Amino acid sequence: MGAERMFSILSAKKNTRINMEEIIIAGIFTLLGSLISSLGTFIVNRDANQKKKYRYKIKMYLKELKSFYNLEDLYLKEIENLRQKLPDEEGSKKYNGIKNEFRAKNEINGNECITITANQADRLLLEYKDIE
């Protein structure tokens, strides 16, 4: 009986050692899973915050673009009034002609051609109305 008891004790220690190794391995995998999950959540939240920030900036740029259209309109109306007092050879006297003349000069200076209209800017702003 002594030998059987000794064998039983050794078997129990061996089983305990195997169980501890399994527990440690399971713990390591659980920790890795938690870290990977946390990293994924962090990346998704960071991207969502960046997207929100960029959408806000786009909205503000569209508002500024619309303000520049309004400013251009004020300048063009004033130039139209002033050009009515000049001789005929001094350039266009009509609103659209003056606008095309100055936009062409703007392009000659190396700036982008203005293709978006104030109405298009308004439609785009509607897409960003939920952003504060």
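Data overview
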item	result
Number of positions in the stretch 88-108 that are open to solvent by 70 Å² or more (accessible area, probe 1.4 Å) and more than 22 Å from N70 (Cβ to Cβ)	4
Residues that are open to solvent by less than 90 Å² (accessible area, probe 1.4 Å) and either more than 13 Å from I131 (Cβ to Cβ) or at pLDDT below 90 (or both), drawn from the stretch 41-57	T41, I43, N45, D47, A48, Q50, R55
Near pairs, Cβ below 9 angstrom, 6+ apart or cross-chain, from the stretch 82-99 (aromatic (F, W, Y)) to any residue that is modelled with pLDDT of 85 or more	Y95/D73; Y95/L76; Y95/K77; Y95/I79; Y95/E80
All positions within the stretch 58-81 that are touching a residue at least 12 places away in the same chain (Cβ under 8 Å) and either open to solvent by less than 80 Å² (accessible area, probe 1.4 Å) or among the acidic types (D, E) (or both)	I58, K59, L62, L65, K66, Y69, E72, L76, I79, E80
Test: residue in the stretch 83-103 that is over 30 Å from N119 (Cβ atoms), in a helix (DSSP H, G or I), among the basic types (K, R) and at pLDDT below 90	no
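The values are calculated or read from the model by the stated rules, or taken from the named source; none is laboratory data. All figures in this text were calculated on a predicted structure; none of them were measured in a lab. Here Cβ is always computed from backbone atoms with ideal geometry, including for glycine, and neighbour counts include all displayed protein chains. SASA here: full protein model, heavy atoms, side chains in, ligands and nucleic acids out. Shrake-Rupley method; radii C 1.70, N 1.55, O 1.52, S 1.80 Å.
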